[in-house]
1. Go through segment 310-351 and count every residue that is within 16 Å of the ligand (Cβ to nearest atom), out of contact with any His (no Cβ under 6 Å at 6 or more places or on another chain) and farther than 22 Å from Val122 by Cα.
2. Quick test for you: out of Arg248, Arg234, Arg270, Arg276, pick the one residue that is closer than 25 Å to Gln187 by Cβ, out of contact with any helix residue (DSSP H, G or I) (no Cβ under 9 Å at 6 or more places or on another chain) and of a type outside the set (A, V, I, L, M).
3. Looking only at segment 104-128, which residues are surrounded by 21 or more Cβ atoms within 10 Å (Cβ to Cβ) and more than 22 Å from the chain's Cα centre (by Cα)?
4. Return the residues of segment 5-27 that are farther than 18 Å from Ala347 by Cβ and more than 13 Å from the ligand (Cβ to nearest atom); say none if nothing qualifies.
5. Write out, first by first residue and then by second, each pair whose Cβ atoms fall under 7 Å of each other, whose residues are 6+ apart or on separate chains, and whose first residue, in segment 40-51, is at negative phi while the second is in a loop (DSSP other than H, G, I, E, B) and modelled with pLDDT of 95 or more.
6. Restricting segment 58-67 to residues that are over 15 Å from Leu115 (Cα atoms) and in a loop (DSSP other than H, G, I, E, B), which is nearest to the chain's Cα centre (by Cα)?
7. Answer yes or no as to whether Val123 is within 16 Å of the ligand (Cβ to nearest atom), touching a Pro at 6+ places or on another chain (Cβ under 7 Å) and modelled with pLDDT of 95 or more.
Amino acid sequence: MRILVTGGAGFIGASVVRALVAAGHHVRVLDALLPAVHPTGNPPALPAGVDFRRGDVRDAETVEEALAGVDAVCHQAAMVGLGLDLQDAPHYVGCNDLGTAVVLAAMARSGVRRLVLAGSMVVYGEGRYHCAEHGEVAPGPRRPADLDAGRFEPPCPVCGAPLRPGLVAESAPADPRSVYAVTKLAQEHLSAAWARACGGTALTLRYHNVYGPGMPRDTPYAGVASLFRSALARGEAPRVFEDGRQRRDFVHVEDVAAANLAALTAVGDRPPGSVRAYNVGSGEVRTIGEMAAALAAAHGGPAPTVTGEYRLGDVRHITADSNRLRAELDWLPRVPFDRGMAEFAAAPLRV
Ligand SMILES: NC(=O)c1ccc[n+]([C@@H]2O[C@H](COP(=O)([O-])OP(=O)(O)OC[C@H]3O[C@@H](n4cnc5c(N)ncnc54)[C@H](O)[C@@H]3O)[C@@H](O)[C@H]2O)c1
């Protein structure tokens, strides 16, 4: 296939490009090289034969040119991160939602009917929890007073009892908690509207915490694994927020790239007008504290410090049930946590 990868110069996009080229596909990249994530202004090294175009997905003419001769779009371009500053909201909405709308409108005009979208687990908000008395519950945002007092676990929203965290499935209702999360959910809804309107098919891959070589260095927008890795490279202890027992699913970037390859292979066989979402997680539940400790140990120290600080908008636990992806797209994660983190501790970060 001839595939357009938007955001193909990014951490995940570049890995997707390598996987697609290795599988024999022809790849074109459209990436604006956002200065916040590409301070040097240079794209990463991409495999020979990749048609790299610097351009913005918000620009209809640029997108339409990039779609010429393309069979499928793999839409990775987005502004990422928690979006701590509300002043960033217009930029998030512009890159992520206006950008997606421009891409979809251009696909409708160009007759491109296959879309794989980079989604995110942030659309779920807090993960799912079980209350001994009230069954499955979805707690609301945690209160600053509780967080200040070190009460990090969200209680049952009905009776206040302690909860047991579980795995989140694709059927869980959306509950986005940040501007970024809202934009990722809107991307999914826009894609569904596009699919219905023009008989396209869209598969959304809701990535959990992606890590691996090529991750950006610490910026306000970087993932936690990159923050810890950057601290260790400076000889500093990783600073672990809350009590370090926040549960996450860390999935290796090469496994995420393989999921994109599987989705692009499958998307053409789906009925016109259909959409489907898939969690992309390793299936290994780990805590932030365990991740910091694994990286620090592999790096040769220093050991992490648990600070008790918190960020409003962070969720306590979010871990994936990725069985749908395994069953329907024949995907299996290949990189176990211990090996992946040991390699990541030594791998270069993106400049
Ligand atoms: N990293 C994670 O853990 C994670 C988790 C869930 C979802 N995702 C999603 O995966 C995708 C890739 O994320 P990443 O971690 O590789 O981020 P990244 O910042 O490394 O890559 C994103 C790329 O998109 C480009 N881009 C942004 N806005 C653009 C625009 N308007 N026009 C053209 N290019 C633009 C950037 O220049 C960058 O190269 C995003 O859609 C993100 O929401 C990432």
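1. Total satisfying the criteria: 7.
2. On the way: Arg248 fails: out of contact with any helix residue (DSSP H, G or I) (no Cβ under 9 Å at 6 or more places or on another chain); Arg234 fails: closer than 25 Å to Gln187 by Cβ; Arg276 fails: out of contact with any helix residue (DSSP H, G or I) (no Cβ under 9 Å at 6 or more places or on another chain).
Just a single option satisfies the conditions, and that option is Arg270.
3. Selection gives Ala106, Met107, Val112, Arg113.
4. Leu20, Val21, Ala22, Ala23, Gly24, His25, His26, Val27
5. Qualifying pairs under 7 Å: Pro43/Ala9; Pro43/Leu33; Pro44/Ala9.
6. Among those residues, the one meeting the criterion is Arg58.
7. Values: within 16 Å of the ligand (Cβ to nearest atom): yes; touching a Pro at 6+ places or on another chain (Cβ under 7 Å): yes; modelled with pLDDT of 95 or more: yes.
In short, yes.
Quick grid of which residues meet (1) modelled with pLDDT of 95 or more; (2) within 30 Å of Gly200 (Cβ to Cβ); (3) in contact with a Ser or Thr (Cβ under 6 Å, 6 or more places away or on another chain):
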residue: Ala277; (1), (2), (3): yes, yes, yes
residue: Met291; (1), (2), (3): yes, no, no
residue: Glu309; (1), (2), (3): yes, no, no
residue: Leu312; (1), (2), (3): no, no, no
residue: Ala320; (1), (2), (3): no, yes, no
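The values are calculated or read from the model by the stated rules, or taken from the named source; none is laboratory data. From a predicted model like this one, the values you see are computed outputs, not experimental measurements. Here the Cβ is made from the backbone with ideal geometry for all residues, glycine too, and neighbour counts use every protein chain on show.
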